[in-house]
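Take a look at the structure set out below.
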Amino acid sequence: MAFHVMLVPTLGCPSNCSYCWSSDENSSLMDIEIIEEVVEWLKTFRDDPVTFTFHGGEPLLAGLDFYRKALPLLAEGLSHLRPAFALQTNLWNLTPELAQLFSKYNIPLGSSLDGPKELNDLQRGEGYYDKTMHGYEIAKANDLKVSFICTFTSYSIDFKEDIFNFFLENNLNLKLHPALPSLRDENPDKWALSPEEYGELLIYLLDKYLENIDRIELKNIDHLCKCVFTRRGTVCTFVDCMGDTFAVGPDGSIYPCYRFVGMEEYVMGNVRDHPSREDLSQSAPGKLLEEYKEYVDQECAKCTYLKFCRGGCPYNALTPYEGKIKGVDPHCEAYKKIFKEITKRATKEMLSSSGMGMIGEDPGANKKVKPGIMALMLKPS
Ligand code: SF4
Ligand code: SF4
């Protein structure tokens, strides 16, 4: 089974998004020596294919020189693990030189954009949109694949149609992200989406997606449909991520996921010590996540969707209670809502004699069959 290591070269970030929970302006930059230690650590850690995602903060702050050294070190030093790479960035600091380097290593980029300029800049700060779009042009010119994550907040949800149309009309792929309560804000719920709003948004976007299936890609909806179809999670939120995902912070500290980076109580070890899988699972955060898994097995035992939801994201579940296990992912209600809707539609389509909901002609009725949920379930990944 493949595993995932997120490399966080810094928690620093030049943008100042209103609802951000993950940046730290005093954060240091990762030294290349940490990457050398990552290589030594993973040489004997496990034998499975690995994906490295550079994350932040803003990972491009590490600079060209860092990536010129880090990428060959990882690719060649760990060639037996067939490493793949990805990078999550606001694109502001993307230069043609960096883009050429990323293209050489086939690195897909993920970026963040909340919709049309005015709305995006209101949530993410004045000037954000133009800087990101400038980087996007450089990425395109170098044949880099860019997918956008759009954060929906309690404010922007009222503009969901404008937002969807913006991505559609600009040929941009979209992954949605519900704003979480910010742990670093005096008013943590100001931007957060409630589970009800999130569930309704998912259903709304499912319909919009089906209307425009050949014009846009909506990653979350793809994943949700695939989860229901295959009856197993196809994205970290809906699997037991513990043990198969780790993050390395700027100083070499190892955490369960990038979301915990910078939170001292979630440090599992340090790459300099080359910990084994057993060492990490015996650390306090390792044990806590294992306990969370057992808690989910009990708490969600009666839920029809347990197999492909697995209690959602442990970060979402743990952090509102300062690391205490007091509930599952607060988006539970949203997940139930969308899983129920997908299951209902799939059952209806399968029972219907008018076909499987695929795009195309229905020879009997001699008219276009509207694409249905099965078209998304059977869509190649
Ligand atoms: S903690 Fe959440 S975001 Fe991180 S890997 Fe697990 S499910 Fe994904
Ligand atoms: S939908 Fe809710 S109850 Fe069901 S498995 Fe997910 S978190 Fe648990």
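Annotations for the structure displayed:
Residue-wise test of (1) at pLDDT 95 or above; (2) in a helix (DSSP H, G or I); (3) within 16 Å of ligand 2 (Cβ to nearest atom).
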residue	(1), (2), (3)
GLU186	no, no, no
LEU193	no, no, no
GLU196	no, yes, yes
ILE203	yes, yes, yes
ILE213	no, no, no
ILE216	no, no, no
PHE229	no, yes, no
GLY233	no, no, yes
THR237	no, yes, yes
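- Considering only residues in the range 113-160 that are in a helix (DSSP H, G or I) and of a type in the set (S, T, N, Q), the one that is modelled with the lowest pLDDT turns out to be GLN123.
- THR44 being within 16 Å of ligand 1 (Cβ to nearest atom), among the hydroxyl-bearing types (Ser, Thr, Tyr) and surrounded by fewer than 22 Cβ atoms within 10 Å (Cβ to Cβ): no
- When residues in the range 99-118 are screened for being aromatic (Phe, Trp, Tyr) and touching a residue at least 40 places away in the same chain (Cβ under 8 Å), 1 of them pass.
- Any hit, the range 290-307, residues being within 15 Å of ligand 1 (Cβ to nearest atom), hydrophobic (A, V, I, L, M, F, W, C), surrounded by 16 or more Cβ atoms within 10 Å (Cβ to Cβ) and under 19 Å from the mean Cα position of the chain (by Cα): no
- Test: residue in the range 264-282 that is touching a strand residue (DSSP E or B) at 6+ places or on another chain (Cβ under 9 Å), free of Cβ contacts under 8 Å to residues at least 24 places away in the same chain and among the hydrophobic types (A, V, I, L, M, F, W, C): yes
- Of residues in the range 320-335 being small (Gly, Ala, Ser) and over 15 Å from LEU180 (Cα atoms), the one farthest from ligand 2 (Cβ to nearest atom): GLY323
- Counting residues in the range 80-98 that are more than 30 Å from LEU280 (Cβ to Cβ) and free of Cβ contacts under 8 Å to residues at least 40 places away in the same chain gives one or more.
- Residues of the range 258-284 satisfying the condition of being on the phi > 0 side of the Ramachandran plot and modelled with pLDDT of 95 or more: GLY269, HIS274
- Top-ranked residue in the range 318-350 [being closer than 25 Å to TYR204 by Cβ and among the hydrophobic types (A, V, I, L, M, F, W, C); ranked as nearest to ligand 1 (Cβ to nearest atom)]: VAL328
- ARG259, sole failed condition from (1) away from ligand 1 (no atom under 14 Å from the Cβ); (2) part of a helix (DSSP H, G or I); (3) within 21 Å of PRO59 (Cβ to Cβ): (1)
- Residue in the range 57-65 that is surrounded by fewer than 17 Cβ atoms within 10 Å (Cβ to Cβ), touching a residue at least 60 places away in the same chain (Cβ under 8 Å) and not charged (D, E, K, R) present: no
The values are calculated or read from the model by the stated rules, or taken from the named source; none is laboratory data. Being a predicted model, the structure only gives us computed values, none of them experimental. Because the Cβ atoms are built from the backbone with ideal geometry, glycine has one as well, and the counts that use them run over all protein chains shown.
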